[in-house]
Amino acid sequence: MNEHQFDNANALVCNRNEDLDRQKGKNRKTVSTEKVLTVEELHVSFKTFGGEVQALRGVSFELYKGETLAIVGESGCGKSVTANTIMGLIPQPPGRIKNGKVLFKGKDLTKLSKAGLRKIQGVDISMIFQDPMTALNPTLQIGEQLTEGYRTHHKVSKANAREKAIEMLELVGIPNPEERLKQYPHQFSGGMRQRIVIAIALICEPELLIADEPTTALDVTIQAQILELFNEIQEKTGVSIILITHDLGVVAKIADRIAVMYAGKVIEIGEKREIFYTPQHPYTKGLLNSVPRLDLKEEELQPIEGTPPDLFAPPVGCPFTARCPFAMDVCDRVYPETTHLTKNHAVNCWLQDERAKLVFT
Amino acid sequence: MAVYIVKRFFMMIATILIIATLTFFLMHSIPGSPFDEERTTNPTIQANLEKYYKLDQPVAVQYVYYLKSIVTFDFGPSIKKPNETVNSLLARGFPISFELGMITILVAVISGVTLGTFAALRHNGFIDYMAMTFAVVGISVPNFVLATLLIQQVAVTWQLLPPATWSSPLHMILPTLALATGPTAIIARLTRASMLEVLTQDYMKMARAKGLTPFRIVVRHALRNALMPVVTIMGTMLAGILTGTFVIEKIFAIPGMGKYFVESINNRDYPVIMGSTVFYSAFLVFMLFLVDIVYGFLDPRIKLHRKDGDV
Ligand SMILES: Nc1ncnc2c1ncn2[C@@H]1O[C@H](COP(=O)(O)OP(=O)(O)OP(=O)(O)O)[C@@H](O)[C@H]1O
Ligand SMILES: [Mg+2]
């Protein structure tokens, strides 16, 4: 069922050019240059019976106020681990943050104590999970799940928290909020639950919202509604959003910038138009070519051959080498430096090196 | 909900009736009579006695009398203790048994849940291993063995606690320990298992992402869901503890219902057997009903089902 829906979703929303060009009435290009979050050289690994999984191997990016950064990449490339690390939700053990920083408001979140983290979780940084069917506690009323975070962090009375909860439910478009507060999750549809999850995430007015595949579990029409809701909320509140997805249709709809991850590294990052129109990394190109589109015939669809490398013993060079149609000798041996193409567009690929031109002429 | 309760009430009545009937016919199908041991009794006196207790009548008629005694809740005099009625025996013995049973349940639930929760939170840690070792031992040692061991060690060798009777809180410690260890171990294992499962749920991650206090996360979000299976087994556990009280009362010479019950079976004291069986099954069935109510209270999804049934 899901596979089928994905294809439909892509076909529907991935009329890319249209989405890219429609700026939805707001000029995203003038997003503020004020940094909300800086992730520097994150290395995170997990101890398992089979050995150490190096889930993140040097992830760096920045997030500006009021923008939406999409993180895309194949399953297992470390998107969720990145989100969880920022959020302070990596279980340690088995996880370990071996290196790197997550700078937020001048603090390195990886160095904070549990109590210190709690002052930020849900207040300054909130998270939305993939499956709204399981993200809500089945035995607690919606009202309590909405207000508990707010009451923990703001020490307000029950009545005040209730008012805030009603306001939030209105914001995310749930009718009859007063009555709904007393209900339990099973009394809501999937789309409604995701709206509630979003309301919960936003109730403390966070500066940063991390959404880990927020629409993957929803059907197509609901998906579109939820994405629309993200846009609306961002306009109203100015919240910065990190959106994790492997659905490029979703990305086309709401992202300002895109980070492409592969095998625990960010291999290309840039503005949405730069990534969609002038992708530089062969992996990014492959990713774009593997999406079904209305303006392409079936034969032109080209999935990327092969599978990502084993993260127990990741290659020293570029991890994409084995699947790359342009692989050179050097790719296998040395990881490429970052090449800055424009102010925002950066890529890690040997093809950017001057000398590569000699190989391919 | 009201309809559900009424429905359950009639089912309870039916259950009790079936138990009562089974007990009656089982008791009467075993050869012998209450007066067998008194060989010296002369036949006329015996006949008179049997007449007095209506034992001379056909079984069917006795059964009707018996049903009447259940409905009026008056089980008549005891055969072996002529100065006592079944009701007075129950009134004297049951409160003590009830106390023992309830204290045991309370101790078992509180310590079992606490132990299981900490074991799950420290999964594969020291506390976890200790708790699970205790649980395995606790489940495999029968309560009467534990009772004798406790009396031998704690009461006799170390002389720390009184060895028998139920006369002060101090006296209650050993019997409660002996009876509660098994259930505690079962509850601890169950809580740990279901807690481990709950801890991996998405809503637990979400609770953590909200920045809630660890206490709230564990108690409000995790425990409430993790206790569901524990509540489910409470019914059978209650029955186990109830029968356990008989054994423990015997070992610790506690003057509860157990003593009278066991004696009455040995002596064929029909009214006492019948009375206490019916009383105990009514009690147990009622407790099971309470367990169900608690379950519905813990899990809102079940309540909804019943509401749907209402209309
Ligand atoms: N708790 C954990 N223990 C062991 N390995 C883990 C753990 N969490 C993540 N990993 C490993 O880290 C790697 C990255 O996982 P991650 O969940 O970030 O992938 P993802 O990009 O989110 O994929 P998906 O698109 O499927 O959600 C995977 O190889 C995964 O097996
Ligand atoms: Mg993921």
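The values are calculated or read from the model by the stated rules, or taken from the named source; none is laboratory data. Keep in mind it's a predicted model, so treat the numbers as computed, not measured. Neighbour counts run over all protein chains shown; Cβ positions are idealised from the backbone, glycine included. Heavy atoms of the whole protein, side chains included, go into the accessibility calculation; ligands, DNA and RNA do not. Shrake-Rupley method; radii C 1.70, N 1.55, O 1.52, S 1.80 Å.
Computed values, structure above
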quantity: Helices (runs of 4 or more DSSP H) fully within segment B:1-95 counting 2 or more residues that are closer than 28 Å to B:Thr245 by Cβ; calculated: B:2-29, B:59-72
quantity: Any hit, segment A:220-241, residues being within 16 Å of ligand 2 (Cβ to nearest atom) and buried (at least 18 other Cβ atoms within 10 Å of the Cβ); calculated: no
quantity: Residues being more than 16 Å from ligand 1 (Cβ to nearest atom) and within 30 Å of A:Cys324 (Cα to Cα) - total across segment A:213-267; calculated: 6
quantity: Test result for A:Val316, in a strand (DSSP E or B) and not aromatic (Phe, Trp, Tyr); calculated: no
quantity: Considering residues of segment A:80-103 that are within 9 Å of ligand 1 (Cβ to nearest atom) and open to solvent by less than 10 Å² (accessible area, probe 1.4 Å) only, the residue farthest from the chain's Cα centre (by Cα); calculated: A:Gly95
quantity: Residues (in contact with a Leu (Cβ under 9 Å, 6 or more places away or on another chain), buried (at least 17 other Cβ atoms within 10 Å of the Cβ) and within 9 Å of chain B (Cβ to nearest Cβ)) located in segment A:107-123; calculated: A:Leu117, A:Arg118, A:Ile120, A:Gln121, A:Gly122
quantity: Some residue of segment B:192-215 being within 18 Å of the chain's Cα centre (by Cα) and more than 14 Å from chain A (Cβ to nearest Cβ); calculated: no
quantity: Residue list for segment A:173-194, restricted to those being in a helix (DSSP H, G or I), within 12 Å of chain B (Cβ to nearest Cβ) and either among the β-branched types (Val, Ile, Thr) or more than 21 Å from the chain's Cα centre (by Cα) (or both); calculated: A:Pro185, A:His186, A:Gln187
quantity: Test: residue in segment B:179-187 that is of a type in the set (Ser, Thr, Tyr) and in contact (Cβ under 8 Å) with a residue 12 or more places away in the chain; calculated: yes
quantity: Every residue from segment A:132-172 that is within 13 Å of chain B (Cβ to nearest Cβ), of a type in the set (Ser, Thr, Tyr) and open to solvent by 30 Å² or more (accessible area, probe 1.4 Å); calculated: A:Thr134, A:Tyr150, A:Thr152
quantity: Odd one out for A:Ile210 among (1) within 16 Å of ligand 2 (Cβ to nearest atom); (2) surrounded by fewer than 20 Cβ atoms within 10 Å (Cβ to Cβ); (3) under 14 Å from A:Thr68 (Cβ atoms); calculated: (2)
quantity: Segment A:58-79, subset near ligand 1 (Cβ under 7 Å from one of its atoms) and open to solvent by less than 20 Å² (accessible area, probe 1.4 Å), residue nearest to the other protein chains (Cβ to nearest Cβ); calculated: A:Lys79
quantity: Answer from A:Phe104, A:Phe129 - the residue that is more than 20 Å from B:Thr213 (Cβ to Cβ), among the aromatic types (Phe, Trp, Tyr) and within 10 Å of chain B (Cβ to nearest Cβ); calculated: A:Phe129
